[in-house]
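*Asks:* Quick one: this structure, given as structure tokens, is what I'll be asking you about.
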Amino acid sequence: MLIFKNIRSLQKKLKNIRKNNNKISLVPTMGSLHEGHLSLIKKAKRGERIVVVSIFINPTQFGVNEDFNKYPKNTNKDIRLLRELSVDILFLPNKNEILTHKTSQLKQARLKIEKILCGKYRPNYFPGVGKIIIKLFDIIKPNYAYFGEKDYQQYYFIKLLSKKLKFNTKIISSKTIRDNLGIALSSRNLYLNHQEKIIAQNIVKVLRKTKRELSKKWKPSLIISKNKKLLIQKGVSKIDYFELRSETFKKNVKKNEKARLFIAVFIGTTRLIDNIKVS
């Protein structure tokens with residue numbers, strides 16, 4: 001595996017790779033890799049593509065009093081895992097290297113989806129994610145980019161952004177990976193103590209319960225309101241949102257329309273998100 005910290009040297013290597021008509025797959029991450037990330041990388045490797053993984057903890061997507069300064073970091077372990085999967089290239093830039101990279105497309109990155117769900121409660125999040133994704137797409141020019149469905153809103157945001165800015169990159173999603181308690185894998189799960197993990201397993205349990213109840217009676221507001229109270233009873237500290245949305249994020253969802261239940265909660269001081277398909 002080749003490791004690049006410098007944009008110019010990475011681009012020189014990628015230019016040579018493209019001369020042989022090789023396709024490039026990108027898996028952007030913030031490190032602290034887990035099985036969710038590894039499943040994306042395995043999917044990206046299909047079809048004999050050159051796989052580039054980026055690790056960059058993006059400061060621009062964090063708000064005041066969020067967890068940027070304590071975000072989990074274990075670069076040596078990440079490099080070992082990537083080598084075990086025979087990843088071709090790791091892009092490991094420092095903050096200055098990527099934040100000073102200029103692209104004219106940044107000013108165009110504003111979409112309605114930024115204002116709802118996670119965007120409503122974390123106003124810096126989508127502008128920050130968009131800023132770095134645009135830079136990564138501009139630097140690497142991938143044919144494919146892979147994102148997990150645990151962050152479904154982020155995946156859909158990047159899909160819309162890529163289309164709007166006319167990047168020649170196919171955005172591909174991959175199913176949420178869960179641990180043996182059913183908790184959606186996230187680097188932030190490392191913050192949870194034993195008792196908090198027991199509470200966290202109720203997130204997917206309540207999502208699935210809500211889905212079952214909706215299949216019997218289509219009363220989304222009533223059912224979700226009842227199950228919000230259940231989550232608090234189970235030990236969830238705070239609920240940012242618990243909503244039914246279409247897969248294109250329309251709010252008023254009809255029965256049998258493709259839709260998902262989206263949720264963001266706090267367990268102690270740790271914010272966790274999840275979603276499941278309803279139909």
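Any read-out appearing in this document is the output of simple, stated calculations on the displayed coordinates, not a laboratory observation. Quantities reported herein were computed from a predicted structural model and do not represent experimental measurements. Every residue, glycine among them, receives a Cβ derived from its backbone with ideal geometry; neighbour counts consider all protein chains shown.
*Asks:* For the subset of segment 161-197 comprising residues that are loosely packed, with under 15 Cβ neighbours inside 10 Å and among the aliphatic types (A, V, I, L, M), which member is farthest from F62 (Cα to Cα)?
*Replies:* Top of the filtered list is L181.
*Asks:* OK, next. What are the residues in segment 235-252 that are within 15 Å of T210 (Cα to Cα) and not aromatic (F, W, Y), if any? Outline the logic, then answer.
*Replies:* Step one: filter segment 235-252 for residues within 15 Å of T210 (Cα to Cα), giving 241-245.
Of everything in segment 235-252, those that are within 15 Å of T210 (Cα to Cα) and not aromatic (F, W, Y) turn out to be E243, L244, R245.
*Asks:* Taking segment 147-181 as the search range and keeping residues that are assigned to a helix (DSSP H, G or I) and of a type in the set (S, T, Y), which one is nearest to K45 (Cα to Cα)?
*Replies:* Y155
*Asks:* Out of (1) at negative phi; (2) touching a strand residue (DSSP E or B) at 6+ places or on another chain (Cβ under 9 Å); (3) of a type in the set (G, A, S), what's the single condition that is false for S215?
*Replies:* Status for S215: all satisfied but (2).
*Asks:* Let me confirm something: among I263, I232, I239, I223, which residue is without any contact (Cβ under 8 Å) to a residue 60 or more places away in the chain and either small (G, A, S) or closer than 23 Å to I113 by Cα (or both)? Outline the logic, then answer.
*Replies:* Details: I263 fails: without any contact (Cβ under 8 Å) to a residue 60 or more places away in the chain; I232 fails: either small (G, A, S) or closer than 23 Å to I113 by Cα (or both); I223 fails: either small (G, A, S) or closer than 23 Å to I113 by Cα (or both).
Going through I263, I232, I239, I223 in turn, the sole match is I239.
*Asks:* Let me ask something else about it. All but one of (1) touching a Phe, Trp or Tyr at 6+ places or on another chain (Cβ under 9 Å); (2) within 30 Å of E48 (Cα to Cα) hold for R122; which doesn't?
*Replies:* (2)
*Asks:* Kindly indicate whether D88 is acidic (D, E) and under 19 Å from Y191 (Cβ atoms). Don't jump to the end; show me each part of the working.
*Replies:* Working: acidic (D, E): yes; under 19 Å from Y191 (Cβ atoms): no.
Spelling it out, it is not the case that D88 is acidic (D, E) and under 19 Å from Y191 (Cβ atoms).
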